[in-house]
Amino acid sequence: MENIANNDCSCCYTKYEINDLFCKTCGFPFQGTEQDQKNFLSERNVKEIDLESLNEKVATACKSLYWLSGLTAFSAIVIYFSSAGEDQLATLMTNIFLILSFLGLGIWSKNKPTAAMITGLSLYLIIILLNAVISPMTIVSGLIVKIIVIGALIKGIKAVLEVDKLKKELNID
Amino acid sequence: MEQEETPRKLCSNCQNEIAEGNFCSKCGQAQNDLEVQIYSKKWLSLLQAGLFILIQLVLCICAFLIQETSITITLALDFAMAGTAMAFFTYNWSENKQLLRWPNFSLKKLLAFVALAAMASLTLHFIANYINTRLLHEKFTYFDVYKSHEYGRYIMILSMAIFPAVFEELSFRGYLMQKLLIVVGEKEAIYISSFLFFIIHLNVLSFFWLLPFAIILGRIRIKEKTIWYGVAIHFIFNLTTCLVEFFSIDHFLS
C-alpha cells in the first residue's frame with residue numbers, strides 16, 4: 001500500500017494522500033501543470049507579503065494610541081499651568097481621564113487591535129468635535145497632527161480587517 | 001451502543017465529501033468563501049455604525065448647547081433621537097428583528113432585574129445628591145425643566161424614562177451592537193458600545209455608573225439574545241430617579 005503513503009505539500013508542508021488533486025489545507029494544485037503551481041505559489045507569496053505590510057500598519061496604528069496619550073498629557077500640562085479659574089480642576093480631571101483612556105486602549109490594542117482602535121478613533125473624533133463646538137478655532141490647531149493620527153487609526157482599522165480576511169483566505173489562524 | 005453520526009461536510013462546488021481542511025481535495029474550491037465575504041462586509045458595517053453615532057452625538061451636542069432648555073426643545077430632541085434609532089434599526093431589519101423577540105422569557109428573572117435596577121438607581125440618586133449638595137454646593141433637579149407644564153410629571157416620565165429606555169436600548173444594545181458583532185467579538189462589542197453609550201452622555205463623572213450600567217445591559221443583551229430585559233431595567237432605573245424627585249419635591253413643599 002505504498003500508494004497511499006503520505007507526502008508533504010510543497011506549499012504548506014501538510015501531509016496529503018496520493019489521490020488528492022488539491023491540498024486540503026492551502027489549495028495547492030498537486031496535479032496542475034508546472035505553470036499552475038508556480039502561479040499558485042506566487043499569488044500566495046504576494047498575499048503573504050501583503051499580510052506583513054498590513055501587520056506593520058496595524059502596529060503603527062496601535063502606537064498612535066500611545067502617542068495620543070502622550071500628546072494629551074502634554075497639552076494637559078500646558079493648559080493647567082496657563083489657565084486659571086473654576087474650570088481648571090474640571091479640565092484637569094477630563095484630561096487625566098483621556099490620558100488614561102488612550103493609554104488603556106494602547107495596552108488593549110496588543111490583544112484586541114480592532115476594538116481598541118475603533119474605540120480610540122471614536123473617542124478622538126468626539127473630543128475634536130466637542131472642542132470645535134466649544135471653541136471653533138481648536139479645529140485648526142494641531143491640524144497636521146490630527147490628520148496624521150486619524151489617518152493612522154483609519155488605516156489601522158482597515159488593515160486589521162484586511163489581515164483577518166487574508167488570514168482566512170490563506171487559512172492561517 | 002449506536003454511534004452518533006457526525007454531519008458530512010460537502011464541497012460547495014462539486015459536492016465531494018470534505019473530511020478535513022478548508023479546501024476541496026478534488027476541485028480545489030475554498031470552503032470558507034462565506035467567512036471571507038463576511039470579512040468584506042465589516043468595513044461597511046463600521047461606516048454605518050460611525051454615521052449612526054455621529055448623528056446621535058450631534059443631537060446630544062445640540063441638547064448640551066441649548067441654554068434655555070424648554071419642554072418643547074427637549075421633546076423635539078427626544079423625537080429626533082428616537083427617529084434616528086428607528087430609521088437605522090429598521091434599515092437593517094433582517095439582521096435586527098430577532099432582537100425584538102423574547103425567546104426565554106422568565107418572570108422571576110425580570111422581577112429580579114427590575115428590583116436590582118430600582119435599588120441601584122436609589123443608591124446612585126442619594127450618592128449624586130450628596131456630592132451635589134455637600135461637596136459641590138449645588139442643587140440640581142431634572143424636574144426644573146418640566147415643572148411649568150400642567151402635565152410636567154407625565155412628560156418627564158415620557159422624556160426621561162420611556163424614551164431613553166426604549167430608544168437607547170434599540171440604538172446601543174440593538175443596532176450598534178449588532179453592527180459591532182459583525183466586526184469584533186462579543187466582549188469587545190459590549191465594551192465598545194458601552195464606551196460610546198457613556199461618551200454620548202457628555203459627562204465625565206458618569207464614567208463611574210454609566211459605563212458599568214451599559215456593560216451590564218450589554219452582557220444581558222448578549223446572554224439573553226433580546227433587548228427587552230435591557231429596556232425593562234433601563235426604564236425602572238430612570239423611572240426610580242423621576243419618582244424620587246417627585247417625592248422629594250412633594251416632601252419639600254409639604
task: Please find, among A:Leu65, A:Leu129, A:Leu92, the residue that is in a helix (DSSP H, G or I), surrounded by fewer than 17 Cβ atoms within 10 Å (Cβ to Cβ) and in contact with a Phe, Trp or Tyr (Cβ under 6 Å, 6 or more places away or on another chain).
output: A:Leu92
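Scanning for something in a helix (DSSP H, G or I) and closer than 16 Å to B:Ser206 by Cα, does region B:111-120 turn up at least one residue?
First pass over region B:111-120, keeping only residues in a helix (DSSP H, G or I): B:111-120.
Okay, now just the ones that are also closer than 16 Å to B:Ser206 by Cα, so B:120.
Yes.
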- line: For B:Ile18, the lone unmet condition from (1) surrounded by fewer than 17 Cβ atoms within 10 Å (Cβ to Cβ); (2) under 30 Å from A:Leu161 (Cα atoms); (3) more than 19 Å from the chain's Cα centre (by Cα) is (1)
query: Between residues in region B:18-36 that are more than 7 Å from chain A (Cβ to nearest Cβ) and on the phi > 0 side of the Ramachandran plot and residues that are of a type in the set (D, E, K, R) and surrounded by fewer than 19 Cβ atoms within 10 Å (Cβ to Cβ), which pairs lie under 7 Å by C-beta distance while being six or more apart or on different chains?
result: none
Where A:Leu105 falls short, out of the listed (1) crowded, with 19+ Cβ neighbours inside 10 Å; (2) under 30 Å from A:Ser53 (Cβ atoms); (3) away from chain B (no Cβ under 11 Å): (3)
Given (1) surrounded by fewer than 20 Cβ atoms within 10 Å (Cβ to Cβ); (2) in a helix (DSSP H, G or I), number of the condition B:Glu150 does not satisfy: (2)
message: When the residues of region B:65-93 are narrowed to those that are modelled with pLDDT of 90 or more and of a type in the set (Ser, Thr, Tyr), which ends up farthest from B:Ile222 (Cα to Cα)?
response: B:Thr84
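Restrict the check to region A:80-87 and report whether at least one residue is free of Cβ contacts under 8 Å to residues at least 60 places away in the same chain, of a type in the set (D, E, K, R) and within 14 Å of another protein chain (Cβ to nearest Cβ). Don't jump to the end; show me each part of the working.
Of all residues in region A:80-87, those free of Cβ contacts under 8 Å to residues at least 60 places away in the same chain come to A:80-87.
Now drop any that are not of a type in the set (D, E, K, R), which leaves A:86-87.
Now restrict to residues that are within 14 Å of another protein chain (Cβ to nearest Cβ): A:86-87.
Yes; the residues of region A:80-87 include at least one that is free of Cβ contacts under 8 Å to residues at least 60 places away in the same chain, of a type in the set (D, E, K, R) and within 14 Å of another protein chain (Cβ to nearest Cβ).
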field: Condition check for B:Ile215: modelled with pLDDT of 95 or more and not charged (D, E, K, R)
entry: yes
task: Any residue in region A:47-64 that's more than 21 Å from A:Gly104 (Cα to Cα): show its pairings with residues that are acidic (Asp, Glu) at Cβ separation under 9 Å, as long as the two are six or more apart or on different chains.
output: A:Lys47/A:Glu169; A:Asp50/A:Glu162; A:Leu51/A:Glu162; A:Leu54/A:Glu162
- prompt: List the pairs whose first member sits in region B:227-251 and is farther than 10 Å from B:Ile162 by Cα, whose second member is aromatic (Phe, Trp, Tyr) and crowded, with 17+ Cβ neighbours inside 10 Å, and whose Cβ atoms are under 6 Å apart, counting only residues at least 6 apart or on separate chains?
  reply: B:Tyr229/B:Phe113; B:Ile233/B:Phe113
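Check A:Lys146, A:Lys155 and return the single one that is charged (D, E, K, R), more than 14 Å from chain B (Cβ to nearest Cβ) and in contact (Cβ under 8 Å) with a residue 12 or more places away in the chain. Steps first, answer last, please.
Working: A:Lys155 fails: more than 14 Å from chain B (Cβ to nearest Cβ).
After ruling out the rest, the residue left standing is A:Lys146.
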- request: Answer with yes or no whether A:Asn171 is within 11 Å of chain B (Cβ to nearest Cβ), in contact with a Cys (Cβ under 9 Å, 6 or more places away or on another chain) and among the polar types (S, T, N, Q).
  value: yes
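Among A:Thr114, A:Thr138, which is without any contact (Cβ under 8 Å) to a residue 60 or more places away in the chain, among the hydroxyl-bearing types (Ser, Thr, Tyr), assigned to a helix (DSSP H, G or I) and more than 20 Å from B:Ser194 (Cα to Cα)? Even if it seems obvious, please write down each step before you answer.
Numbers: A:Thr114 fails: more than 20 Å from B:Ser194 (Cα to Cα).
Matching residue, one of A:Thr114, A:Thr138: A:Thr138.
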- prompt: Can you name the condition, by its number, that B:Asn13 falls short on among (1) surrounded by fewer than 12 Cβ atoms within 10 Å (Cβ to Cβ); (2) outside the structural domain of B:Pro164 (by TED's automatic domain parsing)?
  reply: (1)
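The values are calculated or read from the model by the stated rules, or taken from the named source; none is laboratory data. Quantities reported herein were computed from a predicted structural model and do not represent experimental measurements. Don't worry about glycine lacking a Cβ; one is built from the backbone with ideal geometry, like all the others, and counts go over all protein chains shown.
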